[in-house]
Amino acid sequence: MIPLRPVLLINGLLLATLGSAMMLPAIVDLYHGDDDWLAFVAASGLTLFVGGALALANFGGTTELSTRQAFLLTTLAWVLITAFAALPFVWSRMQISYVNAFFEAMSGVTTTGATVIVGLDSAPKGILLWRALLQWLGGIGIIVMAIAVMPMLRVGGMQLFRLESSDNSGKILPRARQIAGAVLVLYLTISTACFLAYLQAGMSGFDAATHMMSTVATGGFSTRDNSIGAFDSVEVELVAVFFMIVASLPFLLLWQARSGNLAVLFRDVQVKFFFSLIAVFVLLAWLAQVAVPPANAQAIAIGAIEPVNGWQALRHALFSIVSVMTGTGYATAAYDTWNDFAATLFLAVMLVGGCAGSTSCGIKVFRVYVAAAMVRQRVMAYAQPHRVVVVRFNGKPLGNEVPRAVMNFLFLFLLMLASFSVALSLQGLDPLTALSSAATALANVGPGLGPVVGPAGNFASLPDISKWTLSFAMLLGRLELFTVIVLFTPAFWRG
């Protein structure tokens, strides 16, 4: 039997923190004369009561966590936080059903950015702030998890990013304590810089604050139905691109580079590969717009449609690729309508994700790099059977454990993608909506493809069963699959 006291204690403290955070949108609504402040106060009171009760009932004794306790804590924390974070949506004057509220909250804390809310332009300020705040809090939680917890659990090759050379994974929490302060300072610094940059680009204080939270968390919630595209500003888009990229870089390397030593950042193989992929994908997205098919060429000749502006195409390509690859999910253009090649390209890009140890999501660049290196190793072995080719990462041999973990993760990711796609198809969704919804939820990106869940749509019209399914997919993707799946094995509970 797994000792639950430290797990429940920490979850109680997290709920108490969440309940306290609910008072911020309550104050904003009260300031604007919106009665929704009562919904936030009520939700805050209930969340604080449950969180405080859990903490007090389990206070005392050791707070060290074993590996099994860390698995349980991580999953339980995301589920409990989502369940209580949904309450303000339900009790607000928007009268959102609990399934929609749970979907929205899960999308927030996992920094996915998929939404079921229609009419964001006229939504209460408190609700808009709460959505952004959930993503911002989820972002810092994801960084701590990715840097301190996942490497110790040896999930999907994440042991490559251990803080220490030793692997004494019996005690998880002290490592999180050691890095939490440094990560929080860096997170606050980046957040402040992003907020000021948005203000300088012409956003209002409220829009700058909410978009800062979702940008730094690579979450993608916006205050407008048309997302960042509603501002129609090159300056705003450039600020978003810059900070989406920064938030998708490994935070440990950003911390090491804080004194101006950028060489430590750009010597990293993962970072160099990340920027290389962005460059290639942006070029392909640009070509998808400017390469005119014969039918369009004839239409342009007779004046039926306007020719594509090369610079405008580059602007949309850069923003859309960075937004989708980092898992942020902001939109300035309906890229899935450019042509079939563009739709296929963006489906692939949304699966890649950003760097490990960042707020970004997806498969992660380091896994793509390791998989590519393993393919190269196998090809060289066939071409030159007597040559020894060693898979390396940042100059160090990877051995067998990390590549094996990466391949296991990739297989499970693709298996889950296929499973969720089939499940959503059985629930009545068309093939494109089913596949892209599964992909965007599992990769924590936000918008899918097509007229229903694409950049110009949302998830409101999906059946309730599909929203529960996608909520589970978001949780799986955010917690690196194995962290959740291991809880469904009898052997885990037998210990």
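The values are calculated or read from the model by the stated rules, or taken from the named source; none is laboratory data. In this text, all values refer to a predicted model and were calculated from it rather than measured experimentally. Virtual Cβ from ideal backbone geometry, glycine too; neighbours counted across all protein chains shown. Note: areas computed on protein heavy atoms with side chains; ligands, DNA, RNA excluded. Shrake-Rupley method; radii C 1.70, N 1.55, O 1.52, S 1.80 Å.
With respect to the conditions (1) part of a helix (DSSP H, G or I); (2) of a type outside the set (D, E, K, R); (3) in contact with a Gly (Cβ under 7 Å, 6 or more places away or on another chain); (4) open to solvent by less than 50 Å² (accessible area, probe 1.4 Å), Ile2 falls short on a single one, namely (1). Note on the range 116-129: residues that are assigned to a helix (DSSP H, G or I) and either touching a Leu at 6+ places or on another chain (Cβ under 8 Å) or open to solvent by 10 Å² or more (accessible area, probe 1.4 Å) (or both) amount to 6.
Out of all the residues in the range 306-324, is one or more among the aromatic types (Phe, Trp, Tyr), more than 20 Å from the chain's Cα centre (by Cα) and closer than 25 Å to Ala288 by Cα? Looking for residues that are among the aromatic types (Phe, Trp, Tyr), more than 20 Å from the chain's Cα centre (by Cα) and closer than 25 Å to Ala288 by Cα, one finds at least one in the range 306-324, hence yes.
The helices (runs of 4 or more DSSP H) found entirely in the range 378-495 that carry 3 or more residues being within 26 Å of the chain's Cα centre (by Cα) and farther than 22 Å from Val149 by Cβ are 401-426, 431-442, 450-453, 464-478.
Looking only at residues of the range 281-297 that are surrounded by fewer than 12 Cβ atoms within 10 Å (Cβ to Cβ) and part of a helix (DSSP H, G or I), we find that the one that is modelled with the highest pLDDT is Ala297. The residues of the range 442-489 that are open to solvent by 10 Å² or more (accessible area, probe 1.4 Å), of a type in the set (Val, Ile, Thr) and touching a Leu at 6+ places or on another chain (Cβ under 8 Å), listed by number, are Val452, Thr469, Ile485. Report yes if some residue within the range 50-62 is at pLDDT below 90 and among the hydroxyl-bearing types (Ser, Thr, Tyr); otherwise report no. Taking every residue of the range 50-62 in turn, at least one turns out to be at pLDDT below 90 and among the hydroxyl-bearing types (Ser, Thr, Tyr).
Here Glu64 meets the list (1) touching a Ser or Thr at 6+ places or on another chain (Cβ under 8 Å); (2) under 22 Å from Leu479 (Cβ atoms); (3) open to solvent by 10 Å² or more (accessible area, probe 1.4 Å); (4) not hydrophobic (A, V, I, L, M, F, W, C) almost entirely, failing just condition (1). Residue count for the range 193-206 satisfying the condition of being touching a helix residue (DSSP H, G or I) at 6+ places or on another chain (Cβ under 7 Å) and either aliphatic (A, V, I, L, M) or within 18 Å of Ala247 (Cβ to Cβ) (or both): 7.
Restricting attention to the range 315-335, does a residue exist that is in contact with a Gly (Cβ under 8 Å, 6 or more places away or on another chain), closer than 21 Å to Gly139 by Cα, of a type in the set (A, V, I, L, M, F, W, C) and at pLDDT below 95? So far as the range 315-335 goes, yes, one or more of its residues are in contact with a Gly (Cβ under 8 Å, 6 or more places away or on another chain), closer than 21 Å to Gly139 by Cα, of a type in the set (A, V, I, L, M, F, W, C) and at pLDDT below 95.
Checking each residue in the range 303-361 for being over 18 Å from Ser276 (Cα atoms), surrounded by 24 or more Cβ atoms within 10 Å (Cβ to Cβ) and among the small types (Gly, Ala, Ser) picks out Gly329, Ala331, Gly357.
Cβ-Cβ contacts under 8 Å between residues 6 or more apart (or on different chains), taken from a first residue in the range 261-289 that is without any contact (Cβ under 8 Å) to a residue 40 or more places away in the chain and of a type in the set (Lys, Arg) to a second residue that is open to solvent by 20 Å² or more (accessible area, probe 1.4 Å) and not in a loop (DSSP other than H, G, I, E, B), are listed as Lys272/Phe266. Among Tyr198, Tyr187, which is the only one that is more than 21 Å from Val28 (Cα to Cα), hydroxyl-bearing (Ser, Thr, Tyr) and either in contact (Cβ under 8 Å) with a residue 24 or more places away in the chain or not in a helix (DSSP H, G or I) (or both)? Only one candidate passes the filter, namely Tyr187. Test Val50 against the stated conditions and say whether it is assigned to a helix (DSSP H, G or I), touching a residue at least 40 places away in the same chain (Cβ under 8 Å) and not basic (Lys, Arg). The answer is no for Val50. What number of residues within the range 222-248 satisfy the criterion of being open to solvent by less than 10 Å² (accessible area, probe 1.4 Å) and within 23 Å of Lys364 (Cα to Cα)? Of the residues in that region, 4 qualify. Comparison of Ala348, Ala405, Ala383 shows that the only residue that is within 30 Å of Ala291 (Cα to Cα) and not basic (Lys, Arg) is Ala348.
Checked against (1) touching a Cys at 6+ places or on another chain (Cβ under 9 Å); (2) open to solvent by 50 Å² or more (accessible area, probe 1.4 Å); (3) of a type in the set (D, E, K, R), Lys364 meets all criteria but (2).
Here's the yes/no breakdown for (1) touching a Pro at 6+ places or on another chain (Cβ under 7 Å); (2) among the aliphatic types (A, V, I, L, M); (3) in contact (Cβ under 8 Å) with a residue 40 or more places away in the chain:
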| position | (1), (2), (3) |
| --- | --- |
| Gly329 | yes, no, yes |
| Ala334 | yes, yes, yes |
| Asp340 | no, no, no |
| Leu351 | no, yes, yes |
| Ser358 | yes, no, yes |
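Beta carbons closer than 8 Å, at least 6 apart along the sequence or on distinct chains, never pair a first residue in the range 90-118 that is touching a residue at least 60 places away in the same chain (Cβ under 8 Å) and among the basic types (Lys, Arg) with a second that is crowded, with 24+ Cβ neighbours inside 10 Å and assigned to a loop (DSSP other than H, G, I, E, B). Here are the criteria: (1) closer than 16 Å to Gly446 by Cα; (2) open to solvent by less than 10 Å² (accessible area, probe 1.4 Å). Tell me which single one Gly113 does not satisfy. The number of the failed condition is (2).
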